[in-house]
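Undergrad: Got a structure here, written out as structure tokens. Questions coming.
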Amino acid sequence: MKNENIEYNHYVVKVIHNILKNNLYPHFSFLISHFSLKRIMTMILLTQGLLMAASLSEITFKESKIPMVYEQSGHLPIVSLQLVFKNAGHLSNTIDGLADMSAKLLNEGTSKEGSIGFATKLDAHAVDLHAGVGRESFVIELSALKSEFPYAIERLIALLKDPNYTQQALTQIKHQKIGWLKQKEADFDYIAGSALRAMLFKGSALARPYDGTVESIEKLKVSDIQDFITSHLGYNNVIAVVGGDINITEAQAYVKEVLSLLPKVETKEIPKVQCSDKKETKLINENTQQAYIFFGAPFDFAYNAKDQYKAKIAEYLLGGAGFGSRMMEEIRVKRGLTYGVYASLRRTKSVSYMSGYLQTKLSTQDEAKKLIQSVTDNFVKNGITQKELDSTKEFLLGSEPLRTETLSQRLARAYNDYYYGRPLDFAKEQLAKIESVTLKEMNDFIKAHTELSNISFSIVTKKK
């Protein structure tokens, strides 16, 4: 019987392999009529692993080993390159908004060609070159048609050699940023979210307005941005992510060419931040017609813990599943207090915590706040049911192919696995564990995290 199952599975894999390889999608109806949906989904996962998978290699440059996440895909004649600089994001700000403004200045082209001249050349060759910043990382992204990629690399090199360190460019991005910040003064979601971070992470970089303030942006100088870029974007703190219609030898050669333009910088560990467990509530009075409720709590769970699948299941059922979550069921479906309520369990190198939000009428603000607390308390105290676990398994396993259907999705997943110190097949390991996890194991995990009940609230409301 075992050998028959193996032969049967190999046959299904072969059929799906031919469908995917030769675009014979009409034949998919044949599969559905002959095999169970669960087996088809399992075989698709196996087939995807055979057809496409990101790999990790190293580039030796000077005294450093530069990691490169890579996947070759010839389905479209497109090549993409990302340079991800570690510990160069918002958390590394020495001035509020500095990291973001540094990225914006790189998007202003070179000092020789200016913003418009540089952008015009990119557009003429359909090259996309963009710098962006997150909490922990600074990213330069480059993509183009395969035939135009050598030119795209030339443009990136020109930018790195001659960033637009001019007062004119700084004045332009200052004007845009200050206008954006002025708009946010009336954005009640932004106000409530910023106030919650200040409360949860008091005294840390996460508590500060990492987008900047009008005052901090106005005081910014060209030398501040130049110092940030030259001290944070180095060859010894970068991770390269390359994918598309390009072989690994070509990819490594392009990356080396770019690395030669980068300095060596001082590398630092991302500071750890502890989320507050004080259960505070901050009311912010504004001229609003509804209440904007943002909430958060500590989640004592490491980003590199091996049982991430348990956190994924817990997050899905508490507040991440839309209409399948406890919060949506109790607050919207049963009581109609909001259009939507969401909560996620965030796990990064800097901090691990729960965060969520909803909007409701001013008259139901207190009821909604109490329900968030009571739903979480009940979740932690009593755990989940077998029916909830079964439906969650079905969704997470069944929807997995949708998370890896594009090259960018697979590269992003592989990069995250490397960044968080996990094997590149970590997702497959987790899927197997999701399928086999028992109700007792899940409830033991959930009940161990009583800190989730230590919820703090930031609420934009109207003074009664």
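Undergrad: When only C-alpha pairs under 8 Å and at least 6 residues apart count, what is the relative contact order of region 283-344, in percent?
TA: With pairs under 8 Å counted, the relative contact order is 22 percent.
Undergrad: Right, next: Answer with one residue from S147, I331, S64: the one whose Cα lies farthest towards the positive end of the charge dipole of the chain, charges on Cβ with Lys, Arg +1 and Asp, Glu -1.
TA: Among S147, I331, S64, the one farthest towards the positive end of the dipole of the chain is I331.
Undergrad: Further, regarding this structure: Output the peptides 259-267, 161-169, 67-75 sorted from most to least packed, where packing is the average of other Cβ atoms within 10 Å over each peptide's residues.
TA: Going by the mean number of other Cβ atoms within 10 Å, highest first, we get 67-75, 161-169, 259-267.
Undergrad: Counting each pair of different Cα atoms once, what's the Kirkwood radius of region 353-439 in Å, rounded to one decimal?
TA: Taking every pair of different Cα atoms in region 353-439, averaging 1/r and inverting gives 16.3 Å.
Undergrad: Starting from region 171-223, pick out the chymotrypsin sites (Phe, Trp or Tyr not before Pro) whose DSSP state is loop and whose Cβ has at most 13 other Cβ atoms within 10 Å. Intermediate results must be reported in sequence, preceding the final value.
TA: On the way: sites: W180, F188, Y190, F201, Y210; in loops: F201, Y210.
Taking region 171-223 and a limit of 13 other Cβ atoms within 10 Å, no loop chymotrypsin sites (Phe, Trp or Tyr not before Pro) are found.
Undergrad: Could you give the DSSP H helices of the chain that reach 20 angstrom or more along their long axis (alpha carbon positions) and whose average Kyte-Doolittle hydropathy is no lower than 0.5? Please report the intermediate quantities before stating the final value.
TA: Numbers: long enough: 2-22 (30 Å, -0.73); 37-51 (21 Å, 1.21); 167-184 (25 Å, -1.11); 365-382 (26 Å, -0.91).
Taking the DSSP H segments of the chain (at least 20 Å long, mean hydropathy at least 0.5), we get 37-51.
Undergrad: Which entries of K312/K369; K161/K184; K121/K219; K370/K463 show an alpha-carbon separation above 27 angstrom in the structure shown? If you can, show how the numbers build up before the last one.
TA: Working: K312/K369 24 Å; K161/K184 35 Å; K121/K219 32 Å; K370/K463 19 Å.
Violating the 27 Å Cα-Cα cut-off are K161/K184; K121/K219.
Undergrad: Computed over the Cα atoms, what is the radius of gyration of region 227-351 divided by 2.2 N^0.38 Å, N being its residue count? Don't skip to the end; give the middle numbers.
TA: Numbers: Rg = 22.1 Å, N = 125, 2.2 N^0.38 = 13.8 Å.
Normalised Cα radius of gyration, region 227-351: 1.60.
Undergrad: Going by how many other Cβ atoms sit within 10 Å of their own, how do S374, S223 line up, fewest first?
TA: Going from least to most buried by this count: S223, S374.
Undergrad: As a test of the formula, what do you get for the chain when each DSSP H run with n ≥ 4 contributes -39,500 (n - 2.57) and the sum is divided by the residue count, at 222 nm and rounded to the nearest 500 deg cm²/dmol?
TA: Helix contribution divided over all residues of the chain: -14000 deg cm²/dmol.
Undergrad: Another question about this same structure. Ranked from highest to lowest mean number of other Cβ atoms within 10 Å per residue, what is the order of the peptides 145-153, 382-390? Walk me through the numbers before you get to the answer.
TA: Values: 145-153: 17.6, 382-390: 14.4.
Final packing ranking: 145-153, 382-390.
Undergrad: Next question, about the same structure. Can you list the equivalent-ellipsoid semi-axes of the chain, largest first and in whole Å, using the square root of 5 times each Cα gyration tensor eigenvalue?
TA: Equivalent ellipsoid of the chain: 37, 36, 19 Å, largest first.
Undergrad: Give the residue from V242, S223, V84 lying farthest towards the positive end of the charge dipole for region 55-259; charges sit on Cβ (+1 for Lys and Arg, -1 for Asp and Glu) and the dipole is referred to the Cα centre.
TA: S223
None of the figures in this text is laboratory data; all of them are computed from the coordinates on show. Remember, predicted model here, so these are calculated numbers, not experimental data. Cβ sites come from the backbone with ideal geometry, for glycine too, and all protein chains shown count toward neighbours.
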